[in-house]
Amino acid sequence: MSEASELDQDFDLIIVGGRPAGASLAARLGGQGLRVLVLDKASFPSRPPVSAPFVLPHAMALLDELELDEAEYAADTPRMHEFVLEFGGYFRAWIGFEPLAGRDYVYAVDRARFDHCLWRKLARVPGVITRERARVTELIREADRVVGVRVALPDQDEPRSVRARAVIGADGRRSLVARSVDAEVTVERRDVDTTIYYAHWEGVAPYQDGPTIAHIHASCDGFSFVFMPSADGQVMVLAQGRSDYWGALEGSPAQIYEGLLRARPAVWRRLAGARRVSELSGMKRVGNLFRAPAGPGWALVGDAYHQKDSLDAQGIYDALLGAKLLATQLRRWHAGDLSWDQAVANYGAAAHAALAPMFEATMDRVKRELYDEPPPFVAKTILRWVLTHPDYARRFSDLATRRREPEGFLTPGVLLGLAARGAAGRLRARLRGGADRTDPL
Ligand SMILES: Cc1cc2nc3c(=O)[nH]c(=O)nc-3n(C[C@H](O)[C@H](O)[C@H](O)COP(=O)(O)OP(=O)(O)OC[C@H]3O[C@@H](n4cnc5c(N)ncnc54)[C@H](O)[C@@H]3O)c2cc1C
């Protein structure tokens, strides 16, 4: 069959978007008798328009289920067993990772390499056809039901129609599928939105001697900075700020970005001898929302369905998890056990239950670390006692890898207990004397 005539058939599903959500969904549906077409306007390997690269152990466990090779998606990328959170000039908290699926480390992957592994995987999946440089321009509807797409292909002058029983929008934050069906925004948080810009650098000074670690500097003035040692010796350096504060700064995004880095000695000390080797990427007002998950002949997954601030680095995991939950229901729909409406209702309920609590936890953390500016006395005492306590580190690691329910993460009782034990620990450390790695640099 020629490339063009392959698209003449009626598909069970057309998936728009072939990165974490779309590619993993197709991989899970392959070999089940479904005819699946994945369309992406990008060509691979390429980076997604805006994304930082942290991949945590729980996301890697989902990649294991897809039989993705860690040695490939994390090639030449350092393992980080720990990260340091500098809280202004007040103190430092050190967070390690409890083993999960045999891993007590995280990566800051090269997203081009990582996404390409997912895309390449689809070539080996029976029943799945892929097209890159294939931009979906509109949806085809019949009697209010989505029944296909119009797609512009590189070798054709005009967009062509392709039909399917349903269309899945895995097409990211600015999802064309979501916009075309007018998917309702069901939850939105605008009160804590942030603006983020980042670039790759070479020659960045290490944080300290010893193993490579991730470095977060919360400057306690509405801004935060992250050093992510990534593939091939490059470091992604990200600046994040309250959107209202960022919006008040004058200059181009690149001027503001560099100005912010230079103004923080704790950040610039690592960059003074380094050079930026990529374009600046980023976005103003990162969205925090859920959309309606599905309707007649369509469903949304990944960022198209649910997007949030990147502070807790949950986006890739959430996209992979959402795809897994959707695949479970689509298999039952295809087998005739469930109608489309039943299948997507189950998916919507399961996805919301799995994603909403962490979403709220991330919103709380953005508020705590970027919006609340604690008085120095509070930062030096209660905050330090809590955030530097080893139990806090364990709790945080469990939360970030979704082993702990967010509801119980920092209840008033937990806070009180951590503060009391933290204060006692600080007192003992002072009496003992000697170096304290929670002291600021
Ligand atoms: C600043 C920032 C930092 C982040 N940092 C992290 C992090 O450290 N760790 C983490 O886990 N997550 C992070 N995220 C979130 C993460 O990037 C996303 O959650 C994840 O990429 C979502 O995957 P996806 O497959 O849903 O969408 P995407 O990765 O956005 O992929 C969507 C795909 O759809 C394609 N597409 C779009 N429109 C069309 C069309 N009309 N026709 C055909 N194809 C189309 C695009 O080309 C793209 O390939 C960050 C996000 C931001 C904004």
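Assorted remarks:
- In the range 371-422, the residues that are under 20 Å from Leu311 (Cβ atoms), open to solvent by 60 Å² or more (accessible area, probe 1.4 Å) and part of a helix (DSSP H, G or I): Arg394, Glu407, Leu415
- Apart from one condition, Ser161 fits all of (1) in a loop (DSSP other than H, G, I, E, B); (2) of a type in the set (Gly, Ala, Ser); (3) touching a strand residue (DSSP E or B) at 6+ places or on another chain (Cβ under 6 Å); the exception is (1).
- Listed by position, the helices (runs of 4 or more DSSP H) enclosed by the range 1-74 that each have at least 2 residues that are within 8 Å of the ligand (Cβ to nearest atom) and at negative phi are 20-29.
- Among the residues of the range 247-277, those that are touching a Phe, Trp or Tyr at 6+ places or on another chain (Cβ under 8 Å), of a type outside the set (A, V, I, L, M) and in contact (Cβ under 8 Å) with a residue 24 or more places away in the chain comprise Pro253, Tyr257, Arg264, Arg270, Arg275, Arg276.
- Tally of residues being open to solvent by less than 10 Å² (accessible area, probe 1.4 Å) and aromatic (Phe, Trp, Tyr) across the range 247-279: 1
- Per the conditions (1) of a type in the set (Asp, Glu); (2) crowded, with 20+ Cβ neighbours inside 10 Å; (3) at positive phi, the sole criterion not satisfied by Asp110 is (3).
- All of (1) open to solvent by 30 Å² or more (accessible area, probe 1.4 Å); (2) outside any loop (DSSP other than H, G, I, E, B); (3) more than 29 Å from Glu279 (Cα to Cα); (4) not aromatic (Phe, Trp, Tyr) hold for Gly148 with one exception: (1).
- Qualifying positions in the range 286-299 - more than 9 Å from the ligand (Cβ to nearest atom) and either open to solvent by less than 10 Å² (accessible area, probe 1.4 Å) or at pLDDT below 95 (or both): Asn288, Phe290, Gly297, Ala299
- When residues in the range 192-230 are screened for being among the small types (Gly, Ala, Ser) and under 11 Å from Arg270 (Cβ atoms), 2 of them pass.
- In the range 349-366, the residues that are under 18 Å from Arg28 (Cα atoms) and crowded, with 19+ Cβ neighbours inside 10 Å: Ala351
- Only listed residue being of a type in the set (D, E, K, R), under 30 Å from Trp246 (Cβ atoms) and in contact with a strand residue (DSSP E or B) (Cβ under 7 Å, 6 or more places away or on another chain), chosen from Glu360, Glu369: Glu369
- Subset tally (residues that are crowded, with 22+ Cβ neighbours inside 10 Å, within 11 Å of Arg19 (Cα to Cα) and touching a Lys or Arg at 6+ places or on another chain (Cβ under 6 Å)) for the range 32-67: 1
- Number of the condition not met by Gly251 [criteria: (1) touching a helix residue (DSSP H, G or I) at 6+ places or on another chain (Cβ under 9 Å); (2) within 16 Å of the ligand (Cβ to nearest atom)]: (2)
- Test: residue in the range 256-267 that is among the charged types (D, E, K, R), in a helix (DSSP H, G or I), under 18 Å from Ile196 (Cα atoms) and not assigned by TED's automatic domain parsing to the domain that holds Glu142: yes
Matching residues to (1) modelled with pLDDT of 95 or more; (2) under 24 Å from Pro211 (Cα atoms):
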residue: Asp40; (1), (2): yes, no
residue: Pro45; (1), (2): yes, no
residue: Phe54; (1), (2): yes, yes
residue: Ala61; (1), (2): yes, yes
residue: Ala74; (1), (2): yes, yes
residue: His81; (1), (2): yes, yes
residue: Val84; (1), (2): yes, yes
residue: Phe97; (1), (2): no, yes
residue: Arg103; (1), (2): yes, yes
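- Residues that are aliphatic (A, V, I, L, M) and either under 18 Å from the mean Cα position of the chain (by Cα) or open to solvent by 30 Å² or more (accessible area, probe 1.4 Å) (or both) within the range 199-242 comprise Ala199, Ala205, Ala214, Ile216, Val226, Met228, Ala231, Val235, Met236, Val237, Leu238, Ala239, listed in sequence order.
- Hits in the range 364-394 - residues which are small (Gly, Ala, Ser) and touching a Leu at 6+ places or on another chain (Cβ under 9 Å): Ala393
- Reported count of residues in the range 186-218, each being closer than 30 Å to Leu326 by Cβ and touching a Phe, Trp or Tyr at 6+ places or on another chain (Cβ under 7 Å), is 3.
- For the range 165-198, the set of residues classified as more than 12 Å from the ligand (Cβ to nearest atom) and open to solvent by less than 10 Å² (accessible area, probe 1.4 Å) consists of Ala166, Val192, listed by residue number.
The values are calculated or read from the model by the stated rules, or taken from the named source; none is laboratory data. This one's a predicted model, so the numbers in the text were calculated from it and none came from an experiment. For neighbour counting, all protein chains shown are included, and Cβ atoms are generated from backbone atoms with ideal geometry for every residue, glycine included. Surface accessibility is based on the protein's heavy atoms, side chains included, excluding ligands, DNA and RNA. Shrake-Rupley method; radii C 1.70, N 1.55, O 1.52, S 1.80 Å.
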